[in-house]
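Okay, so here's the structure we're looking at.
Every number here is computed from the coordinates shown, using simple stated rules; none is lab data. Note that the structure is predicted; figures quoted are calculated from it, not measured. When we count neighbours, we look across all protein chains shown, and the Cβ atoms used for this are built from the backbone with ideal geometry, even at glycine.
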Protein chains: 2
Amino acid sequence: MARIVMKFGGTSVADLDRIRNVAARVKREVEAGHEVAVVVSAMAGVTNQLVAWCQALSPLHDAREYDAVVATGEQVTSGLLAIALQEIGVEARSWQGWQIPILTDGAHGRARILEIRADELIRRLQTLGQVPVVCGFQGLGPDGRITTLGRGGSDTSAVALAAALKADRCDIYTDVEGVFTTDPRIVAKARKLDKITYEEMLELASVGAKVLQTRSVELAMKEKVRIQVLSSFTDAPGTLVVDEDEIVEKEIVSGIAYSRDEAKVTVRKVPDRPGIAAAIFGPLAEAGINVDMIVQNVAADGTTDLTFTVAKADLPRTEAKLAEIKETIGYAEITTDADVAKVSVVGVGMRSHAGVASTMFRALAEKAINIQVITTSEIKVSVLIGAEYTELAVRALHTAYGLDAG
Amino acid sequence: MARIVMKFGGTSVADLDRIRNVAARVKREVEAGHEVAVVVSAMAGVTNQLVAWCQALSPLHDAREYDAVVATGEQVTSGLLAIALQEIGVEARSWQGWQIPILTDGAHGRARILEIRADELIRRLQTLGQVPVVCGFQGLGPDGRITTLGRGGSDTSAVALAAALKADRCDIYTDVEGVFTTDPRIVAKARKLDKITYEEMLELASVGAKVLQTRSVELAMKEKVRIQVLSSFTDAPGTLVVDEDEIVEKEIVSGIAYSRDEAKVTVRKVPDRPGIAAAIFGPLAEAGINVDMIVQNVAADGTTDLTFTVAKADLPRTEAKLAEIKETIGYAEITTDADVAKVSVVGVGMRSHAGVASTMFRALAEKAINIQVITTSEIKVSVLIGAEYTELAVRALHTAYGLDAG
């Protein structure tokens, strides 16, 4: 007997038939003797509709009212699923965030969970065998009002609930069968991974493999919650996201990720003096612009070139900000390029294996793909290349690291 | 300066444009110097959709889950209206039933309001000039879960809030301009009434003039809340529903109502002994069947005929119940007729005027309409006639009592 949190995303509860299908899956786990808690998202499309209404009434709407409006999507699903479960003989009840309560901070629209008071849920799991059907994405703020966690927040709700319930596993049901070695739309031979570490999952998520919300993975890593990502439409086993210790045979490289959402900015002939990086990146950070890759060449003639990437949507604001501080910094010029892609090789195994980066560079060179920027972390090597080479590079790397399905 | 509760029904908040229109109306009252609280229904059609989903998943669904699901409609509207109000510079915030709280009994799906703890709303009205936008139709049960008040319950929410706030008036905005002397679809010359008493409103509502939920009028009468019924689509003044004392010039007859929702049942040759009525109507009441008109003729040959009406939908169950108790009662036979209509003449003035009923009988006789059953109350005379004569009877009576618009 295990205690399991099952989380179902919007496409898994998109209509009544799918809600019935979810109920049947929950019943199967209950009948297998497990203690089951469920977390649900809004029916697909509902949240978008509610957000659009708020936007249409006021582009700068009160985030507290926005939260009250958009949190209703999950409330509907949890009630409907509780009814569907009862109909097939499973003891169940819905729980809104304020009822449990799921306490969050006061950052409406992007709140963080502080505490889940799960005593009553545990009591009912143990004594009644009652399945709690919990509204994802929402909580109760210190002002006594409904908060929401930001898009994709239901994953975080599920992981936080699993931690609070000391669950053995948190199953995240979605519309894909798990985490793949790369995007199957680009590489037909992409393989589903059986296991992946939290760190790898984070690196893959942050470079565009949007299976799980980043924050939910961070929380799972911190709280040691074992996550399983799997499809609600098939019975295939999914991908386990676990602690590195749980993986005996570590792959050197687990996956290839890519992102076309970046733009490159080069600040030319920056005076090479201490504090110059802070003088450039400080104002950008204050303007809420996230800088990703950063490289600085060694100086020549007392000046240096600084290259970095920002989200494409932030490029105009970045250019404006840099123009503003041109006098203070004293650089020569700015060049930008939005026609770039970041391709990354991710794997915890590279900590103990040399030559991972050189395999990458060689594979790209063989396809005559020019590398514009390189950055590395402990478990990731990323390169910036021309956007037109994205698919070619991903396929070449997938083969070079032996990831192609047999 | 007055304190006003404004209540907007589903058609008044059916889309974003109408919500903006409602916001403009609220702003007008605020700018006139009034303290304003708002109660909203769900956007038209939303509640029906949510109810249909619950029904489809389980015809005998858990009423507590039903409440959690259907209460979301009002939550969406209240948040959206608060945003729309803020957008045009009116200080506002949404309130769900559990936040105020609006405490109800535990009868999920048809709960009754026990208490509204309105201190914080009053404080905000007085010190911040903040408009509370309250979710109608919902409250918080003793089990800590969301309750709903039954269809049309938002009217009751509004009246209860007006009582709790000690408001000077409760304005019920709807899609008609007020209460009419009769159904304008039948009588083109029907007039809008400027004022009507609670008692008259109750009699009109209970015989099919569905402008206000009956319970809301009972509550208003008990709490002495002045109601105004008016349209959210025009600027015409509506109908005031007030205490009899407030009406100086009392009309003898205020309106003609009708209902095609009744069926006639006659129990023939019932032994004429004490307790026989109880023996028949007791079992019907236990089966949840509401009996409306009842007449019993004087006995002949030691037996009597008992005639009464029930809602058309209850007719099959009534027949079954009567068959069940045939042995015990010892009647001869049952005859039923679903093809009947009840037409009523309503007016507080008839208390002090004789001849109201005879005017009615004469008017019907002139049109050769046969009267099957007659019942009278202090302020109402009702007759049961063949359904095909409904319009003819209503028009004849409207003219006979001098109600036609000039």
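Tabulated values for the structure
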| item | result |
| --- | --- |
| Which listed pairs, of A:Lys321/A:Lys342; B:Lys189/B:Lys224; A:Lys195/A:Lys380; A:Lys7/A:Lys224; A:Lys250/A:Lys380; A:Lys195/A:Lys312, have C-alpha distances above 21 Å, in listed order | A:Lys321/A:Lys342; B:Lys189/B:Lys224; A:Lys195/A:Lys312 |
| Inter-label distance, nm, simple model (7 Å from Cα along the C-beta direction), A:Leu114/A:Ala357 | 4.3 nm |
| Net charge contributed by nearby residues that have their C-beta within less than 14 Å of A:Thr399 (K/R +1, D/E -1) | +2 |
| Nearest 10 degrees, 0 to 90: helix A:276-286 Cα axis against chain A principal axis | 30 degrees |
| Gap separating the Cα centres of region B:348-384 and region B:306-340, nearest whole Å | 26 Å |
| Residues A:Arg260 and A:Ala299, FRET efficiency given R0 of 41 Å [Cβ-Cβ distance, rounded to 0.05] | 0.80 |
| Choice from A:Glu319, A:Glu177, A:Glu29 with maximal GNM fluctuation in chain A (Cα, 10 Å cutoff) | A:Glu319 |
| Label point 7 Å beyond Cα along the C-beta direction, distances from A:Ala323 to other copies (nm, shortest first) | 8.7 |
| Closest-to-axis residue of chain B (Cβ criterion, axis taking B to A), whole Å | B:Thr72, 2 |
| Summed residue charge, Cβ within 15 Å of A:Tyr66's Cβ, Lys/Arg positive, Asp/Glu negative | -1 |
| Over the protein assembly as shown: Kirkwood hydrodynamic radius from C-alpha pairwise inverse distances, Å | 31.4 Å |
| Amide H contacts of B:Ala111 (H built 1.01 Å from N, under 5 Å, at least 5 apart or other chain) | B:Thr148, B:Leu149, B:Gly150 |
| Amide H partners (placed H, <5 Å) of A:Ser94, local residues excluded | A:Val133 |
| Calculated from backbone phi, Karplus (6.51, -1.76, 1.60) coupling profile of region A:82-99 in Hz, x at Gly/Pro | 4, 4, 4, 5, 4, 4, 9, x, 9, 4, 7, 8, 7, 9, 7, x, 6, 7 |
| Amide H within-cut-off set for A:Ala37, under 5 Å, with H built and near neighbours excluded | A:Ile4, A:Val5, A:Met6 |
| Euclidean distance between Cα centres, region B:206-275 to region B:30-75, Å | 25 Å |
| Cα-based shape type of region A:3-175, given that a ≥ b ≥ c are square roots of the gyration tensor eigenvalues and the cut on a/c is 1.5 | oblate |
| Gap separating the Cα centres of region A:120-196 and region A:389-403, nearest whole Å | 31 Å |
| Shielding score for A:51-63, defined as the mean number of other chain Cβ atoms within 10 Å | 5 |
| 10 Å beta-carbon shell around B:Ala158, net charge (K/R +1, D/E -1) | -1 |
| Inter-label distance, nm, simple model (7 Å from Cα along the C-beta direction), A:Lys367/A:Asp168 | 4.3 nm |
| Ascending list, in nanometres, of distances separating the A:Gln126 label from those of the other copies (7 Å, Cα toward Cβ) | 4.8 |
| Phi to ³J(HN,Hα) by Karplus 6.51 cos²θ - 1.76 cosθ + 1.60 over region B:26-39, Hz, x for Gly, Pro | 5, 4, 4, 5, 5, 6, 6, x, 8, 8, 10, 10, 10, 10 |
| Degrees separating the helix B:315-324 axis from the principal Cα axis of chain B, which is the longest one | 50 degrees |
| In sequence order, calculated HN-Hα J values of region A:243-252 (Karplus, 6.51, -1.76, 1.60; Hz; x Gly/Pro) | 5, 4, 4, 7, 9, 7, 8, 7, 6, 5 |
| Percent RCO, i.e. relative contact order, over chain A, from Cα pairs under 8 Å lying at least 6 residues apart | 14 percent |
